[in-house]
Amino acid sequence: MNGPFVIPVRDIVRRPGEMREFRLDLRVPEKWGEGLVSVPESESLELDVRLESVHEGILASGEAHTTFSGVCGRCLRDIAEGVEVEFQELFAYSGSEETDFEVQDDHVDLETLVRDAVVLSLPFQPVCQPDCPGLDPVTGVRRTADAEPNAEPIDPRWAALQDYIDHDTVNASGQQDRAENPAPRAENTEKS
Ligand SMILES: [Zn+2]
């Protein structure tokens with residue numbers, strides 16, 4: 001058994017009352033979560049864990065702190081936010097009553113436990129801000145321009161759509177201008 005989330009517990013196995021505490025700075029080994037936001041591979045994860053020897057096995061409890069990232073569910077803006085979760089689980093000695101987690105070869109592997117706690121805490125409908133107004137239902141453009149002093153450039157994923165909208169507007173109201181403007185420039189080029 002090895003891996004960043006595997007912790008040796010040989011010194012407290014079958015010694016009820018004994019306890020060890022660890023603080024680990026780890027990297028998330030793979031992307032955690034499948035929704036609009038997830039914890040990307042290699043994201044840093046801080047783990048505070050307490051391992052207590054109890055009669056049935058090793059009780060693991062603690063906190064994990066990491067950062068999820070993804071997009072706002074309303075306006076598709078990139079977002080990233082810290083997340084802190086608590087966990088607690090008994091790692092039973094093998095041979096005892098059935099359990100999802102077991103002490104194996106005098107080690108406990110916290111990865112599944114921590115991953116599940118983190119993934120469950122990820123917002124299902126993440127937003128960049130609580131009152132995010134989202135996208136205009138007609139144009140698909142963010143409706144945040146007026147509200148924000150520092151309006152960000154349009155997301156590249158929407159830029160093509162914006163061009164399409166601008167183009168349409170010109171065709172509807174200023175077609176003549178568009179047709180005439182290139183002509184003088186072309187003449188100037190020929191003269192010089
Ligand atoms: Zn948003």
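The values are calculated or read from the model by the stated rules, or taken from the named source; none is laboratory data. As the structure is a prediction and not an experimental result, all values here were calculated from the model. Virtual Cβ from ideal backbone geometry, glycine too; neighbours counted across all protein chains shown.
A few notes on this one:
- Strands (runs of 3 or more DSSP E) lying entirely in segment 1-105 (those with 2 or more residues that are under 27 Å from PRO126 (Cα atoms)): 19-27, 44-54, 57-71, 78-93
- Checking PRO137, PRO182, PRO149, PRO156 one by one, the residue that is farther than 30 Å from LYS31 by Cβ and modelled with pLDDT of 55 or more is PRO137 and no other.
- Residues (without any contact (Cβ under 8 Å) to a residue 40 or more places away in the chain and either away from the ligand (no atom under 16 Å from the Cβ) or surrounded by 15 or more Cβ atoms within 10 Å (Cβ to Cβ) (or both)) located in segment 115-134: ASP116, LEU120, SER121
- Residue count for segment 46-90 under the criterion of being more than 15 Å from GLY17 (Cα to Cα) and either away from the ligand (no atom under 15 Å from the Cβ) or aromatic (Phe, Trp, Tyr) (or both): the result is 19.
- As a summary of the residue check, THR66 satisfies the conditions (1) touching a Gly at 6+ places or on another chain (Cβ under 8 Å); (2) under 30 Å from ASP136 (Cβ atoms); (3) surrounded by 18 or more Cβ atoms within 10 Å (Cβ to Cβ) except for the one numbered (2).
- Only one of the listed residues (GLU89, GLU84, GLU46, GLU34) is over 30 Å from ARG142 (Cβ atoms), in the same structural domain as ARG10 (by TED's automatic domain parsing) and touching a helix residue (DSSP H, G or I) at 6+ places or on another chain (Cβ under 9 Å). That residue is GLU89.
- When we screen VAL85, VAL103 for residues that are without any contact (Cβ under 8 Å) to a residue 40 or more places away in the chain and crowded, with 17+ Cβ neighbours inside 10 Å, the only hit is VAL85.
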